[in-house]
Amino acid sequence: MFNASLPFSGPAGLLHVVKTNGVVLTKKRRKTLPNMMATNGKDSRGLQEDASVNGAASDLQTHSNDSTVRPQRFTFSPGPTMEEIRRMQAEFTDERDWNQFHQPRNLLLAMVGEVGEVSELFQWRGEVAEGLPDWTESEREQLEHELSDVLIYLLELAKKCRVDLPQAVLRKMALNRLKYPASKVHGSAKKYTEYKD
Ligand SMILES: Nc1ccn([C@H]2C[C@H](O)[C@@H](COP(=O)(O)OP(=O)(O)OP(=O)(O)O)O2)c(=O)n1
């Protein structure tokens with residue numbers, strides 16, 4: 001179980017408290033706290049320290065005299081890479097002699113099962129706002145687990161099918177850009193087959 005919020009030191013005199021729904025509460029610091037942040041200025045969930053990277057000073061929403069709620073730009077941490085996750089999962093399965101069960105079809109079924117578990121977390125809730133502001137910490141933790149399971153199986157499936165996923169993603173995104181030229185489809189969610197030219 002991770003903490004509901006992680007405090008970290010910011011610019012002089014300010015304490016940022018990163019909430020897991022992607023906002024930072026900025027408060028006046030009362031006393032020095034140990035710096036719990038990763039060295040790249042992000043916490044373990046990839047939240048950036050300063051919303052001003054958005055250049056969006058107008059995004060600041062003042063809620064009281066001494067605290068400010070800022071929407072956060074979200075980025076992932078640089079690691080582990082896909083290759084590192086592939087290797088960790090290979091070690092995990094080797095140690096358990098589970099390779100015998102991890103053929104492509106089984107991995108596909110396992111991955112779809114985990115996608116189902118992600119869906120369960122969203123079902124019957126109606127539309128969910130970005131950052132999941134209404135979710136409990138326990139629900140967020142569940143989501144972290146299930147999305148990780150999907151990714152782990154996806155990467156192992158790609159490996160067992162000899163798909164070099166990082167490179168395949170680059171090629172597919174290039175194709176996507178050709179299929180959906182921004183100048184043509186801007187602001188429209190239609191499928192490319194619906195465009196008549
Ligand atoms: N034969 C298996 C079983 C598990 N795992 C790994 C990959 C997944 O990340 C995770 C899946 O574990 P579970 O099947 O126990 O599924 P959950 O963790 O989602 O548990 P639950 O179904 O109770 O939510 O463990 C694996 O590689 N091979």
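A few points about this structure:
- The number of residues in segment 109-140 being in a helix (DSSP H, G or I) and away from the ligand (no atom under 12 Å from the Cβ) comes to 7.
- Conditions (1) farther than 27 Å from Val169 by Cα; (2) in contact (Cβ under 8 Å) with a residue 40 or more places away in the chain; (3) of a type in the set (Asp, Glu): number failed by Glu139: (2)
- Selection status of Leu178, assigned to a helix (DSSP H, G or I), at pLDDT 95 or above and under 19 Å from the mean Cα position of the chain (by Cα): no
- Scope segment 104-144; condition over 22 Å from Gln72 (Cβ atoms) and out of contact with any helix residue (DSSP H, G or I) (no Cβ under 7 Å at 6 or more places or on another chain); matching residues: Arg105, Asn106, Leu109, Val112, Gly113, Gly116, Ser119, Glu120, Gln123, Trp124, Arg125, Gly126
- For segment 69-92, the count of residues that are in a loop (DSSP other than H, G, I, E, B), modelled with pLDDT under 95 and surrounded by 15 or more Cβ atoms within 10 Å (Cβ to Cβ) is nonzero.
- Here Val163 fits the description: among the hydrophobic types (A, V, I, L, M, F, W, C), part of a loop (DSSP other than H, G, I, E, B), more than 16 Å from the ligand (Cβ to nearest atom) and under 24 Å from Arg87 (Cβ atoms).
- Within segment 114-133, restricting attention to residues that are surrounded by 15 or more Cβ atoms within 10 Å (Cβ to Cβ) and either in contact (Cβ under 8 Å) with a residue 60 or more places away in the chain or over 15 Å from Val150 (Cα atoms) (or both), the residue that is nearest to the chain's Cα centre (by Cα) is Gly131.
The values are calculated or read from the model by the stated rules, or taken from the named source; none is laboratory data. None of these values were measured; they are calculated from a predicted model. Neighbour counts are summed over all protein chains in view; Cβ atoms, including those assigned to glycine, are modelled from backbone coordinates with ideal geometry.
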